[in-house]
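Visitor: Can you keep this structure in mind? I'll have questions shortly.
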Amino acid sequence: MADDTTAPRIVIEAGQTGLVLAVGDDGRLHQVAFGPGMADRRPVLPVVLYPLAYPTFGEEPLREPALRVTQAHGELSTRLRFEGLSTDAHAAGQVVRVNMVERVAPLSVSLCFRTWPAYHLLEQWIEVTNDADAEITLHRAAATAPAFAGTAPHLTHWGGGWAGEWTETTELLTAGTKTVASAGGTRPSLYRPPVVVVATDGPATETSGEVGVCSVEWGGDIRFDAETFLHGHVRLIAGHQGRGAERVLAPGERFVSPVARWVCSDAGIGPASRALHRFAREQVIRDGTEIRATVANTWEAIFFALDPAVLSTQVDRAADLGAELFLLDDGWFGTAYPRNDDTTGLGDWEVDRVKLPDGLGPIIDHTIERGLRFGLWVEPEMVNPKSALYEAHPDWVISEPGRERRQERNQLVLDVLQPEVRTFVVGVIDKVLQDHPRISYLKWDANRDITEPGSTSLAPHRQSHLAMDRVLATWDLMAEVARKHPTVELMLCASGGGRSDLGTLRWFHEVWTSDNTDPVDRVRIQWGASHLLPASVLAAHVTRWGNRPLAFGCAVAMSGRFGFDLDLTALTAEEWETCRSAAVTYADLRDLVQQGDLHRLVSPIGTTRGAVAYVSPDGERAVVFAFRLPGDDGTTPAFALPWLDGGKAYDARDRTPGPTDGPAAGKVALVGQILVWPVGEPPVASVVEITRRR
Ligand code: GLA
């Protein structure tokens, strides 16, 4: 064997996130190093002893494969050898393709990488080409499969279903494989959002520990498999969920996987999150560096009971309160089957003239006259069987022949693989916006999972293509809508945060984080969501959920993209003053919340208090949100603000919303660089602005 330390190395460097590969004498591709600051690493062992860069079924028979193929002539094994490398530049980094071929079967596989050094971010995806003269089946083709050396690997992941989004779990990875996967297709992030954190040596903190944050850019089901091997090493295989999504590739056909993104840090999760947020704002999210408006939504206020006079009053109150966008949620449509509850009307996007005799025009005009923008709710991919649309086109839904069409929320999913259905869906949006050109915001909802996953547009042996093709077709529709209506902002909603992914957000401005707006729960939900998404896209509205003090609810909502979802005519004078002061303060501080650097200070997971801060890039200004939750006995020690420069002096100003000054009035104190908690009966919050003294 040649001297392995001189084996050709493939170095892929994305700032802190580095990957080093090397080719063994036998052509197998090994990973020499992966993680923070690894790019300089050379093999210290024979290359053959390093883990494979991309494990395949039949090559590593005892481990979880990243790639599993049934070859053209039925063989189950895939054994790759390195063939070559190409490197190109893109605007902000490099694109590296590591080309591999199967040793026997006609199959090519490229491991593709795109580096974003300014964000310490590495993207990876896989391309598989069928070079045979017959079909092959791709069972699994994960985007990435790096291994981490460590002592006590921990995995942090999130999920919990409707109203339980972003419930956080951090666990020691013991022997075996831990799988974290979403399901249902249309609102996968309700169950498992597409992000995990791997920490190599015990649970990481915000400021210490070696970590890799991995997210998958995919609007459908995702899957992470964390498999331990040797003593404390772990490999994370990440990508789309392959089960039920098998791909049949025709001769010559190429499969391109969704992209996985890695950000690594050797100083805990905080730096990785801040880099990921910056990347998300600057490179992914639509208009991601622009400030978001304060929204007043009708849903929790009036549900389906729309009435012109009621709406007009809500608009007036929203304007007086300082909201900037009035969002008319569900219930405005349906003629033959009026939308008076969730059993009817989806699919019939005509204004209900019984509820709104003069249509939407007068309320839109009134909203704009009062200085607010107008937004509207749609759910264009779905249909209630009780609708004119379904009566006319029962064949337009995802279904399997002869099988019962199970309903969730009394609705079915339209099959966007059918060309007429795609035309219809885009047409829904086009019509709404053509009829009402002054609408400048849409909430695009999707409220059920896929069952009976069949499409008449797919051949019988390709029915499993629905899982991925539906996502791609939906993305095409979303892209078309964004292109045709460039000035209309879009909120992504799926029964709450069911579509919280950095793939779909390319066409959307924000997500509805969760239908659960109890601010106590929201402290933890928004904490979890911040591991993927910046606060600018986490819609957070003040509601009556949980019957918490409105000052507390306002403070929690102010730590995200702020808004209201409550009957604005039913506020007491004190509540009104609280909400009004929150809106005014938020307008003053939102550049920090929406565009600043997030520092998660005190974790609310498994505790009774939480704190986060948003800091201007130069560190001169910041806003700190501190929450004491029910059960907190007030003995929690004060906490430090790690970004403060010890050589400089800072002032703290209480910005807690409330009728006069907030419940923390006079109590906010920056003692050196330590901040005290709000006093009073929990739940209680303080909002503190920190400014460097001039
Ligand atoms: C879903 C959304 C809610 C609301 C309702 C309307 O549940 O998550 O915010 O828009 O639909 O029916």
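Visitor: Using a 7 Å offset from Cα along Cα-Cβ at Thr487, what residues in the stretch 407-446 end up with backbone N under 15 Å from the label point?
Guide: 433-442
Visitor: Given a cut-off of under 8 Å on Cα pairs at least six residues apart, what relative contact order in percent is computed for the stretch 599-692?
Guide: For the stretch 599-692, the relative contact order is 32 percent.
Visitor: Can you pull the three principal axis extents for the Cα set of the stretch 491-590, in Å, largest first?
Guide: Result, largest extent first: 43, 28, 22 Å.
Visitor: How many nm separate the modelled label positions at Glu452 and Ile674, each set 7 Å beyond the Cα in the direction of the Cβ?
Guide: Output for this residue pair reads 6.4 nm.
Visitor: Rounded to whole Å, give me the distance from the Cα center of the stretch 555-603 to that of the stretch 163-183.
Guide: 31 Å
Visitor: So, one more: Using the Kirkwood radius over Cα pairs, work out the Stokes-Einstein diffusion coefficient for the stretch 436-508 at 20 °C and 1.002 mPa s, in µm²/s as a whole number.
Guide: Here the translational diffusion coefficient equals 154 µm²/s.
Visitor: Further, regarding this structure: Let's test this: bin the Cα-Cα distances of the stretch 162-310 at 10 Å from zero up to the farthest pair and state each bin's percent.
Guide: Final binned percentages: 9, 27, 32, 18, 9, 3, 0.
Visitor: P(r) for the stretch 599-692: what percent of alpha-carbon pairs falls in each 10 Å bin, starting at zero?
Guide: In whole percents, the pair-distance histogram is 17, 52, 27, 4.
Visitor: Rounded to the nearest 500 deg cm²/dmol, what is the calculated helix-only ellipticity per residue at 222 nm for the chain, with -39500 (n - 2.57) per DSSP H run of length n ≥ 4?
Guide: -5500 deg cm²/dmol
Visitor: Something else now. To the nearest 0.05, how large is the calculated FRET efficiency for Glu350 and Thr174 if R₀ is 60 Å and r is the Cβ-Cβ distance?
Guide: For R0 = 60 Å, the calculated efficiency reads 0.60.
Visitor: In nm, what is the difference between 0.36 nm times the number of residues separating Leu230 and Ala587 and their Cα-Cα distance?
Guide: Stretched out fully, the Leu230 to Ala587 stretch lengthens by 123.2 nm.
Visitor: When N counts the residues of the chain, how does its alpha-carbon radius of gyration compare numerically with 2.2 N^0.38 Å, as a ratio?
Guide: Rg over 2.2 N^0.38 Å, computed on Cα atoms: 0.99.
Visitor: Putting +1 on Lys and Arg Cβ atoms and -1 on Asp and Glu Cβ atoms, find which of Gly219, Cys554, His231 reaches farthest to the positive end of the dipole of the chain.
Guide: Farthest along the dipole direction, towards plus: His231.
Visitor: If you line up the Cα atoms of the stretch 295-384 on their principal axes, what length do they span on each, largest first, in Å?
Guide: Projected onto the principal axes, the Cα atoms of the stretch 295-384 cover 37, 23, 18 Å.
Visitor: For the chain, what's the relative contact order in percent, using C-alpha pairs closer than 8 Å and at least 6 residues apart?
Guide: Relative CO of the chain lands at 10 percent.
Visitor: A further question follows. Which lysines, if any, have their Cα less than 26 Å from the Cα of Lys355, not counting same-chain residues under 8 positions apart?
Guide: Lys386, Lys431, Lys443
Visitor: Next question. Please list log₁₀ I(q)/I(0) at q = 0.12, 0.13 Å⁻¹ for the stretch 9-272, using the Debye equation with identical point scatterers on the alpha-carbon positions.
Guide: Each listed q maps to, in turn, -0.69, -0.81.
Visitor: Only Cα pairs under 8 Å and at least 6 apart count here; give the relative contact order of the stretch 9-272 as a rounded whole percent.
Guide: Computed value for the stretch 9-272: 19 percent relative contact order.
Visitor: Label-point separation (nm) for Asp287 and Arg653, each offset 7 Å from Cα along Cα-to-Cβ?
Guide: Reported label-point gap for Asp287 and Arg653 is 2.8 nm.
Visitor: If you don't mind, another one. Classify the stretch 353-475 from the C-alpha gyration tensor, please: rounded if a/c falls under 1.5, else prolate or oblate depending on whether a/b exceeds b/c.
Guide: Note, shape of the stretch 353-475 comes out prolate.
Visitor: Give the separation of the Cα centroids, the stretch 303-374 to the stretch 46-76, in Å.
Guide: What the calculation gives is 56 Å, centre to centre.
We did not get these values from a lab; they are worked out from the coordinates using the rules stated. This one's a predicted model, so the numbers in the text were calculated from it and none came from an experiment. Ideal geometry is used to build each Cβ from the backbone, glycine not excepted, and the neighbour counts take in all protein chains shown.
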